[in-house]
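To start, I am sharing the structure in question, which I have written as C-alpha cells.
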Amino acid sequence: MSRNRTYRCLNCLEHTVSREFDTSHLSVTCPNCGSFERFVNDAVFQQFRAFEESPPVEIDWERLDRTEKLIVSERLVRSTKTLADFEVVEGQASAGKAEAPAEEGEASAGG
Ligand SMILES: [Zn+2]
C-alpha cells in the first residue's frame, strides 16, 4: 500500500494533489485556479492554519508574511525544531543554525 501525501495549492488553498513521495512542497500547475503554483505539504498547511487561528506566543507570528509563516510551519512539522529555535528579526523568520535537510524524514536540529 502506498502512503500518499497531500499537497495544497497556495494560490487558491482549495485544490490538493496526492503524491507518493514526501517532500515539503512541489510546484505544479493547479487545475483549479490554472496557475503554476507551489503546493505545500498539507501537514505543513494544517500547522500554518492552526497558528493563524491561535498564534503561538513564542514568536511574533503576526509580523511574518505568509511565506515566512509557511517556512516556520514547515520547519516545525518536518524537522525536530521547535518555536524556541526561531528568531523573528526584521520581519524575517530565521531558523538560526544551518538548515538540516528535511528529506531524511527525521532531521536533527543539531543539539
Ligand atoms: Zn489553485
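The values are calculated or read from the model by the stated rules, or taken from the named source; none is laboratory data. It should be emphasised that the depicted structure is a prediction, and the values quoted were computed from it without experimental measurement. Neighbour counts are summed over all protein chains in view; Cβ atoms, including those assigned to glycine, are modelled from backbone coordinates with ideal geometry.
Checking Phe21 against (1) exposed (fewer than 12 other Cβ atoms within 10 Å of the Cβ); (2) closer than 20 Å to Lys69 by Cα, only one condition comes out false. Which one?
Of the numbered conditions (1) exposed (fewer than 12 other Cβ atoms within 10 Å of the Cβ); (2) closer than 20 Å to Lys69 by Cα, the odd one out for Phe21 is (2).
All but one of (1) closer than 16 Å to Glu74 by Cβ; (2) among the hydroxyl-bearing types (Ser, Thr, Tyr); (3) surrounded by 14 or more Cβ atoms within 10 Å (Cβ to Cβ); (4) more than 13 Å from the chain's Cα centre (by Cα) hold for Thr16; which doesn't?
Of the numbered conditions (1) closer than 16 Å to Glu74 by Cβ; (2) among the hydroxyl-bearing types (Ser, Thr, Tyr); (3) surrounded by 14 or more Cβ atoms within 10 Å (Cβ to Cβ); (4) more than 13 Å from the chain's Cα centre (by Cα), the odd one out for Thr16 is (1).
Only residues that are in a helix (DSSP H, G or I) and touching a helix residue (DSSP H, G or I) at 6+ places or on another chain (Cβ under 7 Å): list them for region 59-82, please. Quick ask: steps written out before the conclusion?
Initial filter on region 59-82 (in a helix (DSSP H, G or I)): 61-63, 66-78.
Across region 59-82, the qualifying residues are Trp61, Lys69, Leu70, Ser73, Glu74, Leu76, Val77, Arg78.
I've got another one for you. If we scan region 48-64, do we find a residue that is closer than 19 Å to Val17 by Cβ, surrounded by 12 or more Cβ atoms within 10 Å (Cβ to Cβ) and at pLDDT 95 or above?
So the first thing to find is which residues in region 48-64 are closer than 19 Å to Val17 by Cβ, and the list is 48-49.
Next, from what is left, pick out any that are surrounded by 12 or more Cβ atoms within 10 Å (Cβ to Cβ): 48-49.
Those still in the list that are at pLDDT 95 or above too: 48-49.
Checking region 48-64: at least one residue is closer than 19 Å to Val17 by Cβ, surrounded by 12 or more Cβ atoms within 10 Å (Cβ to Cβ) and at pLDDT 95 or above.
Suppose we filter region 30-85 for residues that are of a type in the set (Phe, Trp, Tyr) and in contact with a strand residue (DSSP E or B) (Cβ under 6 Å, 6 or more places away or on another chain); how many remain? Working first, answer last.
In the first step, residues of region 30-85 are kept if they are of a type in the set (Phe, Trp, Tyr); the result is 36, 39, 45, 48, 51, 61.
So of that shortlist, the ones also in contact with a strand residue (DSSP E or B) (Cβ under 6 Å, 6 or more places away or on another chain) come out as 36, 39, 45.
Going through region 30-85 one residue at a time, the tally reaches 3.
How about region 1-51: which of its residues are away from the ligand (no atom under 11 Å from the Cβ), outside any strand (DSSP E or B) and of a type in the set (S, T, N, Q)?
Selection gives Ser2, Asn4, Thr23, Ser24, Gln46, Gln47.
If you don't mind, another one. Determine, yes or no, whether Thr29 is surrounded by fewer than 13 Cβ atoms within 10 Å (Cβ to Cβ) and not acidic (Asp, Glu).
Details: surrounded by fewer than 13 Cβ atoms within 10 Å (Cβ to Cβ): yes; not acidic (Asp, Glu): yes.
Yes; evaluated as a whole, the condition is true for this residue.
Among the residues of region 52-69, is any among the hydrophobic types (A, V, I, L, M, F, W, C) and within 13 Å of the chain's Cα centre (by Cα)? Don't jump to the end; show me each part of the working.
Taking region 52-69 and keeping what is among the hydrophobic types (A, V, I, L, M, F, W, C), we get 57, 59, 61, 64.
Subsequent filtering for residues that are within 13 Å of the chain's Cα centre (by Cα) retains none.
No: region 52-69 contains no residue that is among the hydrophobic types (A, V, I, L, M, F, W, C) and within 13 Å of the chain's Cα centre (by Cα).
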